[in-house]
1. With loop defined by DSSP as not H, G, I, E or B, and exposure as at most 16 other Cβ atoms within 10 Å, which is the longest segment of chain B clear of exposed trypsin sites (Lys or Arg not before Pro)?
2. Specify the inter-centroid distance of region B:268-316 and region B:90-155, based on alpha-carbon positions, in whole Å.
3. Taking just the alpha carbons, could you work out the radius of gyration and Dmax for the protein assembly as shown, both in angstroms?
4. Within chain B, what's the longest run with no GluC sites (Glu not before Pro) in a DSSP loop and at most 15 other beta-carbon atoms within 10 Å? Give the range, please.
5. Evaluate the distance, in nm, between pseudo-label points positioned 7 Å from the Cα of B:Lys73 and of A:Ala129 along their respective Cα→Cβ axes.
6. Only residues of region A:270-302 count here: report those whose backbone N is under 16 Å from the spot 7 Å along Cα→Cβ of B:Phe316, or say none.
7. Per DSSP helix of 4 or more residues, -39500 (n - 2.57); summed, then divided by the residues of chain A. What does that give at 222 nm, rounded to the nearest 500?
8. Could you give the accessible area per residue of the protein assembly as shown, probe 1.4 Å, as a whole number in Å²?
There are 2 protein chains.
Amino acid sequence: MINKLISEVDLKNAHDRIGPHLHRTPVLKSAQLNAISESEVFFKCENFQKTGSFKARGATNALLQLKESAAAKGVVTHSSGNHGQALAWAAQNLGLPCDVIMPENAPLVKVAAVKGYGAQVHFCKPNLAAREEGLAEIQNKKGSTFIPPYDHPHIIAGQASAAMELLEEVPDLDLIMAPVGGGGLLAGTALASHYFAPRAAVVAGEPAGADDAFRSFYSGERVSSHQPNTLADGLLTTLGEHNFPIIQDLVQGIICVEDPEIIDAMKLIYQRLKIVIEPSCAVPFAALLQQKERFKNRRIGIILSGGNVDLAKLPF
Amino acid sequence: MINKLISEVDLKNAHDRIGPHLHRTPVLKSAQLNAISESEVFFKCENFQKTGSFKARGATNALLQLKESAAAKGVVTHSSGNHGQALAWAAQNLGLPCDVIMPENAPLVKVAAVKGYGAQVHFCKPNLAAREEGLAEIQNKKGSTFIPPYDHPHIIAGQASAAMELLEEVPDLDLIMAPVGGGGLLAGTALASHYFAPRAAVVAGEPAGADDAFRSFYSGERVSSHQPNTLADGLLTTLGEHNFPIIQDLVQGIICVEDPEIIDAMKLIYQRLKIVIEPSCAVPFAALLQQKERFKNRRIGIILSGGNVDLAKLPF
């Protein structure tokens, strides 16, 4: 089933397609973080990616597969976070019109970033119905194509390229870890491991305050709405329909971490790797630290998802 | 005169000697920082160096040139900052005993870092006389060799390797910028440019609240004591005796920046490069921003000196 939805060739093509537009982000290591985690950890730094997160990968892959007639009419999404910035940038980079529906209480800095990449911003009430209404309005008016943040094979295939690059650089990993929100990055990572490093297990980290993927994974039934409460504000969404079956088939486990664990992991990454990440990005490393006995002495790849954080609100 | 003190061969030998022990740090770029500075900037990231600063270069070079009999007796320095950590690490790495004299009011985190690298810490009153007394005591007792933080040809030659690596990666720079405190990094950078990129100018940034190098440079007489007042706590020292003549001969200018300019530059680097740096490290970029009209459209290398910052005390 997996092979029919997103094949090995789909992943390779996606990577080839988006490569010229994106950064090949570095893989960092730290002797001190290895000592603390009692394993050997390779951090794939998507905080250095265009627009500051891996989301630029999926957005670019989706746009490059639009038919010319659709592309000319432009694209639209709703987002208060990294996907909005990524889509705005990818559209500007490819010369396509872009509209982004944002909740009226979105942080000004995020609104400014989306506008800075040349997209037109439309404000709506901060609820899903208002977002979807705003989206439908633009689609009707302009004939724009909706580019979803995670629930689409083109998005998933694009996000897979981060793990593919990590595996090219460090082929013999025992384990690959990623955060899970909507599941675009996690499903892509699981597919990349399945095709290119079948020996490596894939385990996700999820905030305990937004544990819908955990509950979906272990119950076998996708939780489609929840009331998240966590500082990891990039992981508030619920698991997508396309994402869930891939994760069920190819992921070995999901570990929940509390906010204080996320803050500790985040601080260690600032102090030891000397890089700026957002709270969501620290979740898989927090999961590793929580269960370090279980993963002791393994070679572990961690996808660091992004670095778009309000510096005035660092949690330490 | 310069050639007699530290030759081109000295620099090459230093780089070859220390290379196997150190990180070859990355050179980062940002389209957005280029747009803001109206030039093309290449950041050499010594915040990713062993111990979190370029100081590991000079310390390693100095230790590798000790005679065996001296090395066996160990090394000693006084430091409340990056040099203490760097020397402790370099000594541990090479299997030498190391003592560090630290002021009794040194931040606990810095004391812990020095101890973490296996050095023996001795506390003294927080003044120069007490530091020197502590130093003399260890030297008398153990026969240790004093490794100064900046005022020595071996230290200067080691620090030069950061700019040498930058020039290997980006040979056609118009300008190289570095911060100046005691002048180890600046003198090394100026020598590297002199020998390996004579077309490139070298300009330093200095905090206005610790402007002894600026005053020394433009008056022609070395200011040997001052009362610094700046948040850039890695640049409080006065220019060294060996460092000053090299800087006089080979540096084209020193630009003073106020603390708010340092904070602005530091914040931009966190936001756009997504890396953690200490305030002192932001000084040359602050200097570039202050005088961006003067350097417009140039290709500029900036040595980012270090990333050892107390995250609880970030100035933004």
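The values are calculated or read from the model by the stated rules, or taken from the named source; none is laboratory data. From a predicted model like this one, the values you see are computed outputs, not experimental measurements. Glycine gets a Cβ as well: all are built from the backbone with ideal geometry, and neighbour counts include every protein chain shown. Keep in mind that these areas ignore ligands, DNA and RNA; they rest on the heavy atoms of the full protein, side chains included. Shrake-Rupley method; radii C 1.70, N 1.55, O 1.52, S 1.80 Å.
1. Numbers: sites that count: B:Arg24, B:Lys29, B:Lys67, B:Arg199, B:Lys292, B:Arg294, B:Lys296.
Result, exposed sites excluded: B:68-198.
2. 29
3. 26.1, 85
4. Values: sites that count: B:Glu38, B:Glu104, B:Glu221, B:Glu241, B:Glu258, B:Glu293.
Answer - B:105-220.
5. That separation, rounded to one decimal, is 8.4 nm.
6. So the set is A:275-278.
7. On the way: 14 runs with 138 residues, N = 316.
Calculated mean residue ellipticity at 222 nm is -13000 deg cm²/dmol.
8. On the way: 24550 Å² over 632 residues.
That works out to 39 Å² for each residue.
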